[in-house]
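Submitted below is the structure of interest, expressed as structure tokens.
The values are calculated or read from the model by the stated rules, or taken from the named source; none is laboratory data. This one's a predicted model, so the numbers in the text were calculated from it and none came from an experiment. Cβ placement follows ideal geometry from the backbone for every residue including glycine, while neighbour counts extend to all protein chains displayed. Side chains included, ligands, DNA and RNA excluded: accessible areas come from the protein's heavy atoms. Shrake-Rupley method; radii C 1.70, N 1.55, O 1.52, S 1.80 Å.
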Amino acid sequence: MSPIVTAAQMRIPTTIGKRHGDRVGGGNGSHQGTLRMISMSEIWDRTVAVFAGRFAMLASIATLLLLAPPIAQAAIDAISGTSPALRFVGGLVALLVFVAAMLGALAVTAVATDPSLDQRGALEAAGLRVGPLLAVSIVLGIVLFASFLPAILLIGTSGFDIVRAQAGAPQQALDTGRFALGGLFMLVTLFAWLWVFAKLVPLPAVVMNERRGLGAIARSFALTRESTAKLFGVLILYAIVMAVALLAVTSVIGLVTRLIAGADAPGAVAFAVAVGTAIVTCVFSVVQNVFGGQYYLKARAVRDAA
């Protein structure tokens, strides 16, 4: 029998949308101490258990919302060429792909955190919470862009010519001091955001399981207190493995497609590479959301018990 058959076995809530842990601000030392004791290996074991028990449902949702939309977008991009109408359609499809990705993340999270839900129930629950997640994602995106803006401006006003850089040509009239400062600022900002992303690992699960909008960010920060360093390490490992997988898959697919279709079919090669990218991204997205959901359940149980 699967270890996730019943809600009692996993201590998973049977009702999506109830608010838990209203007091996210303060907390005491016992909360922090117990959160520090959360084992990433245990979270991975729980993640594997979810896949073992609900693989078919996860695969179905992922194919519908995380894989099919980007493949459709890649197909439109491949045939759009210079047609303004098709490029406009491609832009609309890109927005739909983004919304579908948010809905898919929530549906996967619902499946991972509530074993009482079937596929239809998970999709319905995700549909009720996709608005708040979109709002939170947009706000975070704006803040992220604003934080990188000083580095972009410093590099942009340093005389750096990206076209010459891509061509391997030397830079002309480059203010090296300003460029170096911009590069340093960008690296520091990138590191800071990686730390923030580690603290946002349970964010989709918070939005899915609790009635929170922007407050889900503070709740996520509270749930990752004293575990951020561990999650940061997991995030770095995840990024490295995903980058290697993407490089390997896209390189092989691109080479094979070029050999089959010939050098005169760049559109076919681009489409095949996009499909490979979509498959790898879909797999890692599902793993990420199931892991985040299991971390949320464990961290919430620890805080509630403290």
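Provide the per residue accessible area, probe 1.4 Å, for the chain, rounded to a whole number of square angstrom.
Computed with neighbouring chains in place, this is 51 Å² per residue.
Looking at the square roots a ≥ b ≥ c of the eigenvalues of the Cα gyration tensor of segment 169-306, which shape do they give, rounded for a/c under 1.5, prolate if a/b is larger than b/c, or oblate?
oblate
If you place +1 on the Cβ of every Lys and Arg, -1 on the Cβ of every Asp and Glu, and leave all else neutral, what size is the dipole of the chain about its Cα centre, to the nearest 20 Debye?
In debye, rounded to 20, the chain gives about 780.
Given (i) 15.9; (ii) 19.2; (iii) 15.1 as candidate values of mean projected area of the Cα convex hull in nm², which corresponds to the one derived from the coordinates?
It is the value labelled (ii).
Would you work out what percent of the accessible area of segment 219-270, with all protein chains in place, is carbon or sulfur (probe 1.4 Å)?
The computed percentage sits at 79.
Could you derive backbone 3J(HN,Hα) for segment 103-110 from the dihedral phi with the Karplus parameters 6.51, -1.76 and 1.60 (θ = phi - 60°), listing whole Hz in sequence and x where the residue is Gly or Pro?
Taking θ as phi minus 60°, the curve returns 5, x, 4, 5, 5, 4, 5, 4 Hz for segment 103-110.
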